[in-house]
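Structure, as structure tokens:
Just so it is clear, none of the values below were taken in a lab; they were calculated from the coordinates. Everything numeric here is computed off the predicted structure, so don't read it as measured data. Cβ atoms come from the backbone with ideal geometry, glycine included; neighbour counts cover every protein chain shown.
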């Protein structure tokens, strides 16, 4: 069952972006890879939604599908509406009018998303002039300098004529943010914007992103694998696993009362700086291949709460006791007041093998 | 050959038990060559500048820093994988920096390394059994029963011993890192250098590898030098943590102390920058933020290397106080906070 009920945040009509039952499939020689299987979310004006998941969970593909940036071989179905306009099926030319001015995107690697043979000023001006041809070269340049200053680049008058390779990774990502906010978009999709950066620089970039949001009033979709980043910068969270949203709710819902074993497992496997945890509780096994997805809940093979029903029925995203908090688990209620340590084993080394190994060790040294 | 003097002790560095590996004033510079036909040395990358620390028995010492801080260079230089420019690395009374590759070889049994990238550090063309058996063969220990030993090693790190005839590419990232750990354990080392062993892994997988490492360390009495950029991981695995910035150690303290009350402005910035996976705490936190990027290690700033980004230097210090930051390299000594800090104006702050 792959119907999506979507992520509803109240029933206000102010949604800027509505994604409904989005599926993306890639036909390959080995079969069809079902990268996204019925994802839905709804983004209110000015709101920020975090999408978390591990590598291969489909979070980036979802974003690319929204932007219409997937290769032509990809089969995209469902619905993506931006301010009421259906985007799927729109021509590339029509989408180009929207990209940057309506929805802007920030990619993970700032080196590959900037063109190495043009100055950063040229690239910002290019975006500005694409949507405002009447702006004029000089005004575009001035605006570029302003934007560089806004995102925290020191001496922007000088930096505007730099090439991307002359800037550090953090500076480049600031340039990308400047480009994203240049046309005052309504939605900014940031796909792992800080993953390639050092932590102190990450903090600066997240600040720059916050600045960009407050300047433009844009809604934000923040895609990341880092639960800490989500905790500090988003209002709502959607957790993805094997191409679906498996849990969604406010940040508080997700972090304090998770109702999906996968979310609980993720939180339990995070070492934390602010407390002494005795043991971490890893999730054993690895995510399923999206090529031959078995029936049932995709998390079942790794789930310590698995029952027979999990192997043949894929649970839909259902409302939990708390409004706006949805979980795709048959046994969501069992997670009430349950810690990760009660569900997951804190497995480490094989205890018997370790004891034997330690024994032979002492024999050796005798 | 004269018996080398034991290196001077490091007051305040903490740690219990006998030191296994003693590092004093370790320096590693990499030459920067000019372009063109005649390549001349035009400068040096100051990767590690005078690092001193001890690694004790049955201890995990964490070494954190951002990219370019020199933490990996330290790890490699310790094991003589890079030759030190100057300084000492003492292991069981022997000076490692003076040893030739050949003299070093028997010691490699006791000093092992696990690399960051589990994809690049395993030979794709030999079976996993052979990968783990390779150290045994090289050191002439692959006798009868060694096959069982390899299977036992695979079991120990949580792999199915029947998968020994598979190849590295058939395993996931976490499993590959376990293979790397099994290989490092094969010769029953005393010291293992772990160079970012979990940073390439997803969190749910990372936790299992961390648990494994901690079990091995405590049960086998190993000494780990754990190099990582992730402070939360450090807090979890390490007993003591040393923080590096641009080739120098700036603070060393027991893990708990370092996070509870960091004294160096850089440590404070690092602790502030790590997001907490707890929305209420994360939004209510006090932060120390830094400006700009790490300067080039080819021409590091004079005096304190952190001063160009230091919030204290920029906002709190008076013109006359700044003089020592610019002119004097701050030594890594206890400045009243209980642990060594390399800052003239160190001050413990609670951030969590």
Order of A:357, A:344 under a 10 Å beta carbon neighbour criterion, fewest first: A:357, A:344
Of A:205, A:188, A:245, the one that fluctuates the most in a GNM where chain A has Cα springs shorter than 10 Å: A:205
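Only helical DSSP H runs with n ≥ 4 go in: add -39500 (n - 2.57) per run for chain B, normalise by residue count and round the 222 nm mean residue ellipticity to 500 deg cm²/dmol. List each step's numbers first, then the result.
Details: 12 runs with 107 residues, N = 352.
Calculated at 222 nm, the ellipticity per residue is -8500 deg cm²/dmol.
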Approximate shape of chain A as ellipsoid semi-axes (Cα gyration tensor, √5λ), whole Å, largest first: 39, 26, 19
Inter-probe distance in nm under a simple model that places probes 7 Å from Cα toward Cβ, at residue B:137 and residue A:69: 4.6 nm
Tail weight of P(r) past 50 Å, computed on alpha-carbon pairs of the protein assembly as shown, percent: 17 percent
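Throw me the Rg/Rh for segment A:189-254, computed over C-alpha atoms with Kirkwood Rh, two decimals.
Details: Rg = 12.3 Å, Rh = 12.7 Å.
The Rg/Rh ratio comes out at 0.97.
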With eigenvalues of the C-alpha gyration tensor scaled by 5 and rooted, segment B:119-188, Å: 18, 12, 11
Ascending count of other beta-carbon atoms within 10 Å, so fewest first, for B:243, A:309: A:309, B:243
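Once a ≥ b ≥ c are taken as the square roots of the eigenvalues of the Cα gyration tensor of segment A:140-222, is the result rounded (a/c under 1.5), prolate (a/b larger than b/c) or oblate (a/b not larger than b/c)? Intermediate results must be reported in sequence, preceding the final value.
Working: a/c = 1.91, a/b = 1.11, b/c = 1.72.
Oblate, because a/c is 1.5 or more while a/b does not exceed b/c.
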Degrees separating the helix B:173-185 axis from the principal Cα axis of chain B, which is the longest one: 80 degrees
Where only C-alpha atoms are counted, convex hull volume of chain B per residue in Å³: 173 Å³
Residues residue B:315 and residue B:117, FRET efficiency given R0 of 41 Å [Cβ-Cβ distance, rounded to 0.05]: 0.55
0 to 90° range, to nearest 10: angle between helix B:128-138 axis and chain B longest Cα axis: 80 degrees
Share antiparallel - DSSP beta bridges, the protein assembly as shown, percent rounded to 5: 60 percent
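Sort B:71, B:28, B:281 by Cβ crowding within 10 Å, fewest neighbours at the top.
Details: B:71 28, B:28 23, B:281 15.
Fewest-to-most ranking of B:71, B:28, B:281: B:281, B:28, B:71.
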Rounded FRET efficiency, nearest 0.05, which uses the C-beta distance separating residue A:352 from residue B:125 and R0 of 25 Å: 0.20
Overall dimensions of segment A:215-307 by Cα: Rg and Dmax, Å: 14.9, 50
Using alpha-carbon coordinates, inclination of helix A:351-365 to the longest axis of chain A, degrees: 80 degrees
Distance between modelled label sites at residue A:117 and residue B:333, nm, 7 Å Cα→Cβ extension: 5.8 nm
